[in-house]
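See below for the structure under consideration.
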Amino acid sequence: MNIVRHIPNTITSMNLLCGVFATVFALSGKLQTAAVLIFAGALFDFCDGFAARALKAYSAIGKELDSLADLITFGLAPASMYSTFVKFQLTGDYGRPLVTLSGLQTFWVALPFVLVVFSALRLAKFNIDTRQTENFLGLTTTATGIFTASLLYMAVDYPDFFGWFRPSLVVLAVMIFSVLLVSEVPMFSLKIKHFTWQGNENRFILVGVAIVSVIFLQVGGIAVTILAYILFSLIKHIFAR
């Protein structure tokens, strides 16, 4: 039995576990714990692909497992974080049971789960789209999940500053990211195959933005980096027409 070929799928399974636990903690009101687990899931998501390439251990089941793991870690878990944050904004209590909410409040709390549907559509589209072998069309679920984790981690740390982030704006953000997930906007892949400048200009610039942002904004710098990535891709797409 070749154990090596199972290493990438084992790493992917760790991503999935991170997503499951992140969802549990998010729905329990522990948003920062959920955010850390999403970050860990993103690390495993990067490592499974790296391991598959390094070990030449590609498999059809690995591709499908990766998509299922991403749906939970970067679709369901972030949606759960948004939902719990909306509940906090409505009631002032992260852990308040859903049964105590009014009908309108329950509606607002449920709306963020639209993100799960569009995450599933994005992953299904990616699996059959031969145009996305090198770069992406639309925002990845990983970027969406990392942005959410970073943003809401900071929202817990600085509740007064994030007081403006009302339920209507949360839902608007969810809708915008949902559209980006299934859009046709070209977005460059962050996978670096070599370390020379030529061919990696966009990637190295984004890494520089990430380092500077994290130094000055800590975890919030991750969200700033994702926004920079989205804006750069949108501007490049508009002017490339």
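Of all the options SER83, SER150, SER28, the one that moves most in a Gaussian network model of the chain with Cα springs shorter than 10 angstrom is SER28. Spin-label model, PHE216/ALA60: points 7 Å from Cα along the beta carbon direction are separated by 5.0 nm.
Computed from Cα atoms, the angle from the helix 31-55 axis to the main principal axis of the chain rounds to 10 degrees.
Rounded to 0.05, the FRET efficiency of the ASN2 and PHE204 pair, given R0 = 41 Å and the Cβ-Cβ distance, is 0.65. Taking Cα atoms only, the orientation of helix 201-217 departs from the longest principal axis of the chain by about 30 degrees. Each Lys or Arg adds one and each Asp or Glu takes one away; over the other residues whose Cβ falls under 14 Å from the Cβ of SER83, this sums to +2.
Under 5 Å between amide hydrogens, built in the peptide plane, is the criterion, and for LEU137 it picks out MET187 among residues at least 5 positions away or on other chains.
Summing Lys, Arg as +1 and Asp, Glu as -1, what charge do residues with Cβ under 13 Å from the Cβ of VAL182 carry, VAL182 excluded?
Working: positive: ARG122, LYS125; negative: ASP129, GLU184.
Net local charge, VAL182 excluded: 0.
Placing a pseudo-label 7 Å from each Cα along the Cα-to-Cβ vector at LEU98 and ASP157 gives an inter-label distance of 3.0 nm. Among the lysines of the range 4-239, pairs that are 8 or more positions apart or on different chains and have alpha carbons within less than 18 Å of each other number 5. With R₀ set to 22 Å, the beta-carbon distance separating ALA228 from LEU172 gives a calculated FRET efficiency near 0.65.
Read-outs: derived from the displayed coordinates by stated rules, not from any lab. A quick note: this is a predicted structure, and the numbers were derived from the prediction, not measured. Positions of Cβ are backbone-derived with ideal geometry, glycine not excepted, and every protein chain shown enters the neighbour counts.
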